[in-house]
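**Student:** I'd like to ask some things about the structure below.
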2 protein chains.
Amino acid sequence: MNHNLTEGILSQNHQSIAKAISLIENSNDSDIESILSSIYNKTGQSYRIGITGPPGAGKSSITNELINLLSDDKSIAILSVDPTSPFTGGAILGDRIRMIEHYNNPNIFIRSIGSRGSKGGLSKNINIIADVLDAADFDIIILETVGVGQVELDIVESADTTIVVLVPESGDDIQILKAGMMEIADIFIINKSDREGAEKIAVSLNNFLSTIQHEDHIWSPEVIQTSVYNKTGFNKLIKTIFDRYKFLDINGGREAKHRDRYISQVHDLISSYLTNAFWNDNKEEVLNKELDIEIKNRKNPVALAKKIINE
Amino acid sequence: MNHNLTEGILSQNHQSIAKAISLIENSNDSDIESILSSIYNKTGQSYRIGITGPPGAGKSSITNELINLLSDDKSIAILSVDPTSPFTGGAILGDRIRMIEHYNNPNIFIRSIGSRGSKGGLSKNINIIADVLDAADFDIIILETVGVGQVELDIVESADTTIVVLVPESGDDIQILKAGMMEIADIFIINKSDREGAEKIAVSLNNFLSTIQHEDHIWSPEVIQTSVYNKTGFNKLIKTIFDRYKFLDINGGREAKHRDRYISQVHDLISSYLTNAFWNDNKEEVLNKELDIEIKNRKNPVALAKKIINE
């Protein structure tokens with residue numbers, strides 16, 4: 001990679017960072033490899049926080065409050081992941097407004113990226129973009145995403161701390177259980193807690209969490225009620241975010257997360273090298289020819305896969 | 001595979017189907033291969049409907065209404081995909097109640113499965129279970145899932161028709177856009193439409209959909225307001241579901257979906273054969289040794305992946 005680009009990233013130059021992210025978004029393997037090669041050894045310092053939850057829960061407003069409360073003494077990068085619809089094709093209005101608002105603040109970097117890249121390329125790319133922001137030495141990286149698609153699980157892999165934002169209308173505890181949210185949340189936020197039902201959902205979540213056996217070295221998820229409208233709950237939220245940071249530091253949790261990301265990056269890269277090296281025109285043709293045969297006479301997928309492998 | 005099991009599946013014997021699904025859930029490659037081999041050529045007949053949406057939107061209640069209204073003259077299989085939490089480990093109470101209710105009806109088969117199988121194994125397994133239900137010749141297969149995780153996108157791949165269930169509280173059209181729902185929905189349901197805000201969200205969605213250029217051979221998503229409480233909207237829903245079926249039939253849409261699933265099953269199988277054949281103890285050890293080195297001196301993931309490939 002261009003030496004100046006690397007230097008720019010490492011000195012937290014916003015233009016260089018933006019350029020690197022665009023290169024990664026374009027999914028050109030050689031660009032991604034050269035960026036990752038040149039910045040990887042500088043990663044491991046930032047605190048990566050994932051914020052996810054259903055549409056309309058108020059994730060952007062909460063992120064904005066965090067920016068307002070933290071940016072005086074912390075540098076913050078926000079990566080907003082939009083499951084881009086083919087009809088929108090870019091950053092959503094709200095993100096644009098937010099970007100303009102903080103445009104001149106050197107402590108704050110905001111970027112929207114689409115999530116629908118090449119199949120399977122998503123999680124790899126989010127992680128590599130987070131690595132760029134990490135190498136650029138932001139104190140905090142906020143990975144913000146909305147709730148349809150495979151993005152949430154990638155956020156969990158990418159983040160040191162995962163925050164799930166719910167609202168009083170999110171349903172009862174059975175629904176939350178059913179959505180698998182217990183498994184991914186380190187911190188629950190019940191936002192819009194000025195509305196009816198907030199207390200009920202918080203009590204219900206806390207009751208459920210209290211039935212789970214607590215172990216040392218395992219973080220017990222916290223439930224926090226916030227209201228962006230009334231500006232309540234944010235001091236407790238920030239305290240909990242940093243309690244979690246200390247907890248991870250004491251228990252080696254951030255190194256473990258970094259290690260997991262390394263392992264899965266290596267596995268993903270190898271899978272994609274193997275698959276790319278395997279498929280060629282001849283093999284594609286074997287598959288395509290089989291598709292011309294009607295279903296009842298077609299080789300089943302297992303038989304065809306084995307045939308293509310063994311040929 | 002046991003010949004009796006195949007016979008049982010093909011004659012829609014519920015016990016045989018349940019047994020086959022359990023074998024597939026256990027992710028034993030040789031079981032999966034033998035089941036898929038013996039039933040694949042009988043697939044391609046069922047109408048596969050995916051129902052997804054945020055927790056609390058009422059997906060189960062809608063499915064129940066569909067069962068009540070359709071099961072007199074159609075056989076229906078319901079596959080309810082729960083992103084299983086480690087704290088629950090099985091079917092959720094609501095599903096159990098539902099299963100008991102329909103236990104003696106030979107026209108209805110209901111099964112809950114967890115979504116958190118081996119990494120990457122999820123979509124393959126849901127598709128194969130749907131293939132079993134298809135070979136068993138159910139008229140309709142309903143794939144029902146809740147809204148966190150990578151399940152939704154797999155549903156879209158598996159289903160001929162994808163229904164996204166929203167509620168009046170789901171937020172404005174920007175939020176729905178942002179969640180990427182425009183991209184996946186063939187039918188939108190605004191459920192709990194007895195509540196305030198339902199009309200507004202329906203109008204807003206319809207306005208947005210009307211701005212999209214309509215083309216022949218491309219389905220225009222429909223917006224339907226339902227209320228399980230007042231039992232309204234379900235006749236229109238069922239009409240739309242079968243309009244969509246006719247539309248797909250006229251335009252070859254079901255064959256195209258079947259073809260796409262075949263292609264991705266073959267690709268997935270080959271990727272997993274390649275990856276399994278590649279990794280061995282020596283290669284794992286190269287990766288593990290690198291993890292013992294501190295981050296700033298460690299090979300970056302690209303360099304290590306290439307080293308392991310080239311060794």
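The values are calculated or read from the model by the stated rules, or taken from the named source; none is laboratory data. Everything numeric here is computed off the predicted structure, so don't read it as measured data. FYI the Cβ positions are ideal-geometry reconstructions off the backbone, even for glycines, and counts take in every protein chain you see. What goes into the accessible areas is simple: the full protein's heavy atoms, side chains included, and nothing from ligands, DNA or RNA. Shrake-Rupley method; radii C 1.70, N 1.55, O 1.52, S 1.80 Å.
**Student:** Quick test for you: out of B:LEU269, B:LEU287, pick the one residue that is modelled with pLDDT of 95 or more and surrounded by 17 or more Cβ atoms within 10 Å (Cβ to Cβ). Write out each step before concluding.
**Tutor:** Working: B:LEU269 fails: modelled with pLDDT of 95 or more.
Of B:LEU269, B:LEU287, the one residue that is modelled with pLDDT of 95 or more and surrounded by 17 or more Cβ atoms within 10 Å (Cβ to Cβ) is B:LEU287.
**Student:** Could you list all residues from segment B:193-209 that are part of a helix (DSSP H, G or I) and in contact with a Ser or Thr (Cβ under 9 Å, 6 or more places away or on another chain)?
**Tutor:** Step one: list which residues in segment B:193-209 are part of a helix (DSSP H, G or I), which gives B:198-209.
Selection gives B:ALA198, B:GLU199, B:ILE201, B:ALA202, B:LEU209.
**Student:** Any residue in segment B:209-227 that is more than 14 Å from B:ILE189 (Cα to Cα) sitting within a Cβ distance under 8 Å of a residue that is open to solvent by 40 Å² or more (accessible area, probe 1.4 Å) and not in a loop (DSSP other than H, G, I, E, B)? List the pairs, counting only those 6 or more apart or interchain.
**Tutor:** Close Cβ pairs (under 8 Å, with a partner that is open to solvent by 40 Å² or more (accessible area, probe 1.4 Å) and not in a loop (DSSP other than H, G, I, E, B)) amount to B:TRP219/B:PHE247.
Residue-wise test of (1) within 26 Å of A:ILE129 (Cα to Cα); (2) free of Cβ contacts under 8 Å to residues at least 24 places away in the same chain.
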| residue | (1), (2) |
| --- | --- |
| A:TYR229 | no, no |
| A:ILE238 | yes, no |
| A:PHE247 | yes, no |
| A:ARG259 | yes, yes |
| A:ILE263 | yes, yes |
| A:LEU269 | yes, no |
| A:SER272 | yes, no |
| A:ALA277 | yes, yes |
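**Student:** Of the residues B:ASN235, B:ASN310, B:ASN280, which single one is at pLDDT below 95, more than 9 Å from chain A (Cβ to nearest Cβ) and open to solvent by 60 Å² or more (accessible area, probe 1.4 Å)?
**Tutor:** Values: B:ASN235 fails: at pLDDT below 95; B:ASN280 fails: at pLDDT below 95.
Answer to the selection: B:ASN310.
**Student:** Just to be sure before I move on: is A:LEU274 closer than 28 Å to B:THR43 by Cβ and not hydroxyl-bearing (Ser, Thr, Tyr) in the structure I sent?
**Tutor:** No: the conditions fail for A:LEU274.
**Student:** Pull up segment B:160-181, narrow it to residues that are among the aliphatic types (A, V, I, L, M) and open to solvent by 10 Å² or more (accessible area, probe 1.4 Å), then point me to the one that is modelled with the highest pLDDT.
**Tutor:** B:VAL167
**Student:** Follow-up. Out of all the residues in segment A:186-205, which are under 26 Å from A:SER158 (Cα atoms) and either of a type in the set (Asp, Glu) or open to solvent by 10 Å² or more (accessible area, probe 1.4 Å) (or both)?
**Tutor:** A:ASP186
**Student:** Please work out which residue is most open to solvent (accessible area, probe 1.4 Å), limiting yourself to segment A:240-259 and to residues that are under 18 Å from A:ILE218 (Cβ atoms) and at the interface with chain B (Cβ under 10 Å from one of its Cβ atoms).
**Tutor:** Checking each candidate, the answer is A:GLU255.
**Student:** Do we find a residue being farther than 23 Å from B:ARG48 by Cα and charged (D, E, K, R) anywhere in segment B:264-273?
**Tutor:** No: zero hits.
**Student:** Quick one: how many residues across segment A:212-221 are open to solvent by 70 Å² or more (accessible area, probe 1.4 Å) and touching a Ser or Thr at 6+ places or on another chain (Cβ under 9 Å)?
**Tutor:** Going residue by residue through segment A:212-221, those that are open to solvent by 70 Å² or more (accessible area, probe 1.4 Å) are A:213-218.
Now narrow it down to the ones that are touching a Ser or Thr at 6+ places or on another chain (Cβ under 9 Å): A:214.
Going through segment A:212-221 one residue at a time, the tally reaches 1.
**Student:** Here's something else I'd like to know. Could you list, ordered by first residue, the pairs with Cβ atoms under 8 Å in which the first is in segment A:54-65 and within 12 Å of another protein chain (Cβ to nearest Cβ) and the second is assigned to a helix (DSSP H, G or I) and among the hydroxyl-bearing types (Ser, Thr, Tyr), at least 6 apart or interchain?
**Tutor:** A:PRO54/A:SER170; A:PRO54/B:SER170; A:PRO55/B:SER170; A:GLY56/B:SER170; A:ALA57/A:SER170
**Student:** How many residues are farther than 21 Å from A:THR232 by Cβ and touching a helix residue (DSSP H, G or I) at 6+ places or on another chain (Cβ under 8 Å) if we restrict to segment A:55-82?
**Tutor:** 8
**Student:** Here's a check for you: in segment B:1-21, which residue that is out of contact with any Ser or Thr (no Cβ under 8 Å at 6 or more places or on another chain) and at pLDDT below 90 is surrounded by the fewest Cβ atoms within 10 Å (Cβ to Cβ)?
**Tutor:** By that ranking, first place goes to B:HIS3.
Here is a yes/no grid of residues against (1) at pLDDT below 85; (2) under 23 Å from B:ARG259 (Cα atoms); (3) assigned to a helix (DSSP H, G or I); (4) open to solvent by less than 20 Å² (accessible area, probe 1.4 Å):
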{"residue": "B:LEU36", "(1), (2), (3), (4)": "no, yes, yes, yes"}
{"residue": "B:ILE49", "(1), (2), (3), (4)": "no, yes, no, yes"}
{"residue": "B:ASP73", "(1), (2), (3), (4)": "no, no, no, no"}
{"residue": "B:LEU79", "(1), (2), (3), (4)": "no, yes, no, yes"}
{"residue": "B:PHE87", "(1), (2), (3), (4)": "yes, no, no, no"}
{"residue": "B:ASP95", "(1), (2), (3), (4)": "yes, no, yes, yes"}
{"residue": "B:GLY117", "(1), (2), (3), (4)": "yes, no, no, no"}
{"residue": "B:ASN127", "(1), (2), (3), (4)": "no, yes, yes, yes"}
{"residue": "B:ASP134", "(1), (2), (3), (4)": "no, yes, yes, yes"}
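**Student:** Please work out which one of (1) within 27 Å of B:HIS3 (Cβ to Cβ); (2) open to solvent by 10 Å² or more (accessible area, probe 1.4 Å); (3) within 9 Å of chain A (Cβ to nearest Cβ) is the condition B:GLN45 fails and give its number.
**Tutor:** Here B:GLN45 clears every test but (3).
**Student:** Right, another one. Looking only at segment B:222-232, which residues are among the aliphatic types (A, V, I, L, M) and open to solvent by 30 Å² or more (accessible area, probe 1.4 Å)?
**Tutor:** Passing the criteria: only B:VAL228.
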